[in-house]
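Undergrad: Take a look at the following structure, please.
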Amino acid sequence: MSELAVVPSTEIVVTASRALEDGGQTPASVTLIGTERIERLGEPLAVSFLRQVPSLAISTSGAAGSVTEVRIRGAEANHTLLFIDGIRANDPAAGNVPRFELLNSDLLSRIEVVRGPQSALWGPEAIGGVVAVSGGDAEGSRAVAEAGSFGFARLGGGTAFKADSLTVDAAAGLQRARGINAFDSPGGGERDGYRNLSTRGRLSWAAAKGVELGVSGFASTGRSEFDGYDPLSFQRADTLDSSRNRLAAGRLWGSLTRQDLSLSAWASKLGSRNRNLLDEVLVNVTHGGRTNAGLQGEVELRTGKAEHQLIAAAEATRETFRSRNPADPFADQEQNRRQNALVGEVRSRWAEWLATDVAVRRDMFNRFQDRTTLRASALVEPVGGVQLSAGYSEGIAQPSFFDLFGYYPGFFVGNPNLKPERSRGWEVSARLDRGAFRGALTAYRQRLTDEIVSTADFGSTENADGRSKRRGVEAELGWSPSERLNLTATYALLDAEERLRSADQSARELRRPRHSGSVAADGRAGRLTYGASLAFVGKHRDRRDSLPYELVDLDSYWLAGARLGWRLDERLELFGRLANAFDADYQDLVGYRTEGRSAYAGLRVALGR
């Protein structure tokens, strides 16, 4: 399965509803990236594939392995919700953002992106949308080894098999690079590299007819070197800063299916640790944790000619946060918060040409006022292969522990009286799926209230008055005439502004290009496999993170990559890969250099696929 501009009915969508659904029946804006495209483009980090999804803005603070933020439809980085094999993976010890810089693509066979507010289904942090990654179902084993520019080396592999009632899927990946000097200054400087070791596994057991038990989990550990600040002038400098990050989680689940009724239960636990060091001396460390448990029931019924699926769920979540600062024990803190939720969803197919989906969720917080969110959508198919959809959706995002309690007294103290951010909006879409051709055109508009912003002295946070606006248009095209070619193209226009401290102040959102797009292709001809991608990122604005903190306009750029593979036999493939093939000199964030043109070569081994 390759990236799909329009999801056909033969594909299963995981996160656009609380239950699995056929791709052709979902009104939501969904993009899937599958095994073939992931392997044929060969990118080592999963975030590189997200540049092919419309309305996703990627910001990397330097070379590969550096802190990476993903913003969907103009929302903030902590408004993107990440699931890894069904586990909520945002890091509570790092501002509740997903750690995309740790997400190794050798673990994955599928990436699913649902754009637009999804809090009525999945709760807080799903204002911009949801990214869900997982392994695959194809049996067999695989391994890859690769090396190239900037001291890069990569080793990964995985296996999947079925034995009677047991299904196993596991993968692991190791990457490292010496990198480049990320500090944007004249002259030389030491290199800032990274290391990344990640594992993922899933085991399920069909204990009896209609009964399944399972366990899944992932673990990532990484080290990233970066250039920080001079301790005297507080200016950016070529320093020996580094961070060591660890994120691990596990999930247990069970399900029972009897005719038109199914029940499921689950429990998961996540833990994280982030250590910042200067010349190998510990500066500070943060720990985070999340425990989640839930129950869900689904029933199918008919009323006349209409078919309905009723879904009800209950969840309980507890998050913890702990920070330690050896130089100043007064900066130490330990916090926690709880959240319970009730969810209801009704999916109906009233006729062959009409489907609706309505979801309501009530989140109950111990630190904030309770919130109710709604999502309602409809899909109409007037003729075969032509679909029209419309939807209204709401989202919420909790303040992070940093927003609430700060991270260093006297510098940033936080605000425990903050309210969750709220978003609401609509989208309309027209889609075409005819033979080898697929296309979609979508328009959306969203309003964000109670946006969390910095105070005038940048020493704390507050909820802004008024509304922040996001609106845009997305265009997607796909053409797959044969196995020799799968071609996709996207374009996104975004108009995003943030509300400042008072209701009469607004400004253009930072780090969101107004124009962005991509073209990607992959295919196979005999023993030859190939893939290429070209992403366009338009001009965007950023604020320097050191004195004088001025606004800077960053230039647009094109980012190209390509891979060619030659299959020696049914098991072995030699390949070569280029990254930043046009040698673009670009920055996602002002003052942070990125890698130029690079070349890599490697060997892929596949057994039983």
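Undergrad: Those residues that are of a type in the set (Asp, Glu) and surrounded by 13 or more Cβ atoms within 10 Å (Cβ to Cβ), I need them from the stretch 528-562; list them, please.
TA: Of the stretch 528-562, the ones of a type in the set (Asp, Glu) are 542, 545, 550, 553, 555.
Within the stretch 528-562, ASP542, ASP545 qualify.
Undergrad: Now, a different point. If I go through the stretch 276-288 residue by residue, how many of them are surrounded by fewer than 17 Cβ atoms within 10 Å (Cβ to Cβ) and not hydrophobic (A, V, I, L, M, F, W, C)? Show your work before the answer.
TA: Looking only at the stretch 276-288, we keep the residues that are surrounded by fewer than 17 Cβ atoms within 10 Å (Cβ to Cβ), and these are 278-283.
Subsequent filtering for residues that are not hydrophobic (A, V, I, L, M, F, W, C) retains 279-280.
Of the residues in the stretch 276-288, 2 are surrounded by fewer than 17 Cβ atoms within 10 Å (Cβ to Cβ) and not hydrophobic (A, V, I, L, M, F, W, C).
Undergrad: Count, please, the residues in the stretch 162-202 that happen to be closer than 25 Å to PRO44 by Cα and touching a strand residue (DSSP E or B) at 6+ places or on another chain (Cβ under 6 Å).
TA: Total satisfying the criteria: 25.
Undergrad: While we're on this one: For the structure I just gave you, tell me whether LEU374 is in a strand (DSSP E or B), touching a helix residue (DSSP H, G or I) at 6+ places or on another chain (Cβ under 8 Å) and either within 26 Å of PHE330 (Cα to Cα) or among the aliphatic types (A, V, I, L, M) (or both).
TA: Yes.
Undergrad: Here is a list of conditions, (1) more than 19 Å from LEU82 (Cα to Cα); (2) of a type outside the set (Gly, Ala, Ser); (3) surrounded by fewer than 23 Cβ atoms within 10 Å (Cβ to Cβ); (4) in contact (Cβ under 8 Å) with a residue 24 or more places away in the chain, and GLN175 meets all of them except one; can you say which number that is?
TA: (3)
Undergrad: Go through the residues of the stretch 31-52 one by one and say whether even a single one is part of a loop (DSSP other than H, G, I, E, B), under 27 Å from ALA313 (Cβ atoms) and in contact with a Ser or Thr (Cβ under 9 Å, 6 or more places away or on another chain).
TA: In the first step, residues of the stretch 31-52 are kept if they are part of a loop (DSSP other than H, G, I, E, B); the result is 34, 42-44.
Filter again for under 27 Å from ALA313 (Cβ atoms), leaving none.
Looking through the stretch 31-52, none of the residues is part of a loop (DSSP other than H, G, I, E, B), under 27 Å from ALA313 (Cβ atoms) and in contact with a Ser or Thr (Cβ under 9 Å, 6 or more places away or on another chain).
Undergrad: Go through ALA525, ALA496, ALA521, ALA507 for me and flag whichever is surrounded by fewer than 18 Cβ atoms within 10 Å (Cβ to Cβ), in contact (Cβ under 8 Å) with a residue 12 or more places away in the chain and either more than 20 Å from the chain's Cα centre (by Cα) or more than 19 Å from ALA584 (Cβ to Cβ) (or both).
TA: Checking each option against the conditions leaves just ALA525.
Undergrad: Only one of these is crowded, with 19+ Cβ neighbours inside 10 Å and touching a residue at least 40 places away in the same chain (Cβ under 8 Å): ARG200, ARG273. Name it.
TA: Values: ARG273 fails: crowded, with 19+ Cβ neighbours inside 10 Å.
Within the list ARG200, ARG273, the selection yields ARG200.
Undergrad: Here are the criteria: (1) surrounded by fewer than 18 Cβ atoms within 10 Å (Cβ to Cβ); (2) modelled with pLDDT under 95; (3) on the phi < 0 side of the Ramachandran plot. Tell me which single one PHE458 does not satisfy.
TA: For PHE458, the failing item is (3).
Undergrad: Turning to a different aspect of this structure: Which of the residues belonging to the stretch 414-450 are of a type in the set (Phe, Trp, Tyr) and touching a Lys or Arg at 6+ places or on another chain (Cβ under 9 Å)?
TA: Residues satisfying the conditions are TRP426, TYR444.
Undergrad: Another question, if that's okay. Considering only strands (runs of 3 or more DSSP E) fully contained in the stretch 72-174, which possess at least 1 residues that are among the aromatic types (Phe, Trp, Tyr) and either within 12 Å of the chain's Cα centre (by Cα) or modelled with pLDDT of 95 or more (or both)?
TA: Working: elements: 80-84, 110-115, 129-134, 140-148, 152-163.
Because the criterion is at least 1 residues that are among the aromatic types (Phe, Trp, Tyr) and either within 12 Å of the chain's Cα centre (by Cα) or modelled with pLDDT of 95 or more (or both), the strands (runs of 3 or more DSSP E) in the stretch 72-174 that meet it are 80-84, 152-163.
Undergrad: To continue, here is another question. Within the stretch 247-261, can one find any residue that is within 22 Å of GLY193 (Cα to Cα), under 24 Å from the mean Cα position of the chain (by Cα) and free of Cβ contacts under 8 Å to residues at least 60 places away in the same chain?
TA: Looking through the stretch 247-261, none of the residues is within 22 Å of GLY193 (Cα to Cα), under 24 Å from the mean Cα position of the chain (by Cα) and free of Cβ contacts under 8 Å to residues at least 60 places away in the same chain.
Undergrad: Among the numbered conditions (1) of a type outside the set (Phe, Trp, Tyr); (2) at pLDDT below 90; (3) closer than 22 Å to GLY34 by Cβ, tell me where PRO409 comes up short.
TA: (3)
Undergrad: Further question on the same structure: Just name the residue that is surrounded by the fewest Cβ atoms within 10 Å (Cβ to Cβ) out of those in the stretch 577-591 that are more than 18 Å from GLU43 (Cβ to Cβ) and more than 22 Å from the chain's Cα centre (by Cα).
TA: Per the stated criteria, the residue is ASP585.
Undergrad: Between a residue in the stretch 558-576 that is touching a residue at least 40 places away in the same chain (Cβ under 8 Å) and more than 23 Å from THR490 (Cα to Cα) and any residue that is of a type in the set (Gly, Ala, Ser) and part of a strand (DSSP E or B), which pairs come within a Cβ distance under 6 Å, given they are 6 or more apart or on different chains?
TA: From the stretch 558-576, the pairs are GLU573/GLY565; PHE575/GLY565; PHE575/GLY602.
Undergrad: How many residues are hydrophobic (A, V, I, L, M, F, W, C), buried (at least 24 other Cβ atoms within 10 Å of the Cβ) and more than 19 Å from ARG541 (Cβ to Cβ) when one looks only at the stretch 51-94?
TA: 7
Undergrad: Restricting to the stretch 249-270, and then to whatever is farther than 30 Å from GLU307 by Cα and out of contact with any Phe, Trp or Tyr (no Cβ under 7 Å at 6 or more places or on another chain), can you tell me which residue is surrounded by the fewest Cβ atoms within 10 Å (Cβ to Cβ)?
TA: Keep residues of the stretch 249-270 that are farther than 30 Å from GLU307 by Cα, which gives 249-252, 267-270.
Subset that is out of contact with any Phe, Trp or Tyr (no Cβ under 7 Å at 6 or more places or on another chain): 250, 267-270.
On the way: GLY250: 16, ALA267: 14, SER268: 22, LYS269: 17, LEU270: 24.
Only one residue tops the list, namely ALA267.
Undergrad: Can you work out which of the residues in the stretch 416-461 that are touching a helix residue (DSSP H, G or I) at 6+ places or on another chain (Cβ under 9 Å) and of a type in the set (Asp, Glu) is farthest from ARG362 (Cα to Cα)?
TA: By that ranking, first place goes to ASP433.
Undergrad: Does any residue of the stretch 142-160 turn out to be closer than 30 Å to ASP279 by Cβ, free of Cβ contacts under 8 Å to residues at least 12 places away in the same chain, surrounded by fewer than 24 Cβ atoms within 10 Å (Cβ to Cβ) and of a type outside the set (A, V, I, L, M)?
TA: Within the stretch 142-160, not a single residue is closer than 30 Å to ASP279 by Cβ, free of Cβ contacts under 8 Å to residues at least 12 places away in the same chain, surrounded by fewer than 24 Cβ atoms within 10 Å (Cβ to Cβ) and of a type outside the set (A, V, I, L, M).
Undergrad: Kindly indicate whether any position in the stretch 362-379 is more than 21 Å from GLN296 (Cβ to Cβ), touching a strand residue (DSSP E or B) at 6+ places or on another chain (Cβ under 6 Å) and without any contact (Cβ under 8 Å) to a residue 24 or more places away in the chain.
TA: no
The values are calculated or read from the model by the stated rules, or taken from the named source; none is laboratory data. This is a predicted model, so every value here is computed, not measured. Using ideal geometry, Cβ is built from the backbone for each residue, glycine included, and neighbour counts are taken over all protein chains shown.
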